[in-house]
Amino acid sequence: FRSDVLYVKTENKCLCIDLVTGKLVREIKTPVPDDAKDRNWGYLAFENGTLFGSVDLQDHNVSARYQLTSLRTESSLFFAVDPKTGKTKWKYQPKGTVRHNAVAIAGDRVYLIDRPLIEADGVTNFSRTGRPVKKLNYSDVPNGTLVALDANTGKLLWKNEDNIWGTQLSVSAKHGVLLMNYKAVRHNFYEIPSEVGGRLAGFDIQSGKRLWDQDAKYQTRPLINDGAIYAQGGAWDLKSGSPLPWEFERSYGCGQIAASKNLMLFRSATLGYVDLSRNSRTENYGGIRPSCWINAIPASGLVLVPDGSSKCTCSYQMKAWFALQGE
């Protein structure tokens, strides 16, 4: 559509905002009736001129810590919209639900996992407040269907129903590999029973054929960086799944790793980083702490860090938004 438009979801609509003027260009509603029980916008992405979204499940809240927000993690409908006109291009109605982490888009394809809703993940009485979560057994987590759709038409290109256990997807169009894994967290506040962990798998993006599948220990979301996969816990070859030599050190603190080609950012007490271009060890930018999830973002040669500690009681000197530029 336009490179100077910001897309922001709120309730059942996506706001298209002009980055220069701040004016509202268009509002796009989810393609369901206004009075539908499930109508709020869930997943949101923009790729190659198409806006992608989903309609989330209002009654499936996975964290008591966020019971007062409208953030949800699973959707009952996935769709694509032409942002120029606001018209829906196509819809995908899953047999089960689509977990927002289990969507990946690259080039002219959308990949997602359609799986039964796992009731054990939901919080109904809000008594699960940071206590250790009892993980389900592998056999108790239902398998799903891995699906590839044409991004322009929604046409089904292929599907794989053979032991699709994962809850998160990422993709490398360059290397033709779709990565499946469990969502990994460092803090039990964010754990849910179905994220049993300890496994990685790769699939061919053209055919959906499984390339490799193996046990792997990791404490953060795996990141694809060219032909390698990195996570706290190890590194692996993207095409074969073979372990790669890599050591990663990190101090205390929760949160995920954000990365560009040459830089990894994360909480390591304060803001920690690893420069991959010179094989450095973990270094720190002191005095300030990142948030409990992801808020240190490498983009356009800068590191952008909106404040993530304003409501935190941790004793760090600085609470501010800032940007860093490399020398």
Requested in this report: With a ≥ b ≥ c taken as the square roots of the eigenvalues of the C-alpha gyration tensor of the range 205-327, please select rounded if a/c is under 1.5 and otherwise prolate if a/b is larger than b/c or oblate if it is not?
Outcome: prolate
Query raised in the report: At a Förster distance of 41 Å, what's the computed FRET efficiency of Q206 paired with A269, Cβ-Cβ distance as r, to 0.05?
Result: 0.40
Query raised in the report: If you stretched the chain out fully between D108 and Y316, how much longer would it get, using 0.36 nm times the residue separation minus the C-alpha to C-alpha distance?
Result: 70.4 nm
Report task. Answer with a single label: of [x] 5, 21, 33, 24, 10, 4, 3, 1, 0; [y] 5, 16, 14, 12, 11, 10, 8, 7, 5, 5, 4, 3, 1, 0; [z] 5, 23, 33, 30, 9, 0, which was calculated as P(r) over Cα pairs in 10 Å bins from 0, in percent from the structure in view? Result -> [z]
Report task. Answer with one residue from L271, I105, S139: the one whose Cα lies farthest towards the positive end of the charge dipole of the chain, charges on Cβ with Lys, Arg +1 and Asp, Glu -1. Result -> L271
Query raised in the report: If you take the charge dipole of the range 234-327 about its Cα centre, with +1 on Lys and Arg Cβ and -1 on Asp and Glu Cβ, which of N284, P245, S310 is farthest toward its positive end?
Result: S310
Requested in this report: Treat every Asp and Glu Cβ in the chain as -1 and every Lys and Arg Cβ as +1, leave all other atoms uncharged, and give the resulting dipole magnitude about the Cα centre to the nearest 20 debye.
Outcome: 300
Report task. Could you check the simple spin-label distance between D226 and Q214, using points 7 Å along Cα→Cβ, in nm with one decimal? Result -> 2.0
Report task. Using a/c under 1.5 as the rounded threshold, could you call the range 74-186 rounded, prolate or oblate? The axes a ≥ b ≥ c are square roots of the C-alpha gyration tensor eigenvalues, and prolate needs a/b larger than b/c, oblate otherwise. Result -> prolate
Requested in this report: Calculate, in nm to one decimal, what E247 and K23 gain on full extension: separation in residues at 0.36 nm each, minus their alpha carbon distance.
Outcome: 75.9 nm
Query raised in the report: In nm, what is the difference between 0.36 nm times the number of residues separating A120 and H175 and their Cα-Cα distance?
Result: 16.2 nm
Requested in this report: Between the alpha-carbon centers of the range 251-310 and the range 76-101, tell me the distance in whole angstrom.
Outcome: 33
Query raised in the report: K174: which aspartates and glutamates have alpha carbons under 18 Å from its alpha carbon, excluding same-chain residues fewer than 8 sequence positions away?
Result: E47, D108, D150, D204, D226, D237
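Laboratory data are not the source of any read-out in this text; all were calculated from the coordinates shown. Keep in mind that what you see is a predicted model, and the values were worked out from it rather than measured. Backbone-built Cβ (ideal geometry, glycine too); neighbour counts: all protein chains shown.
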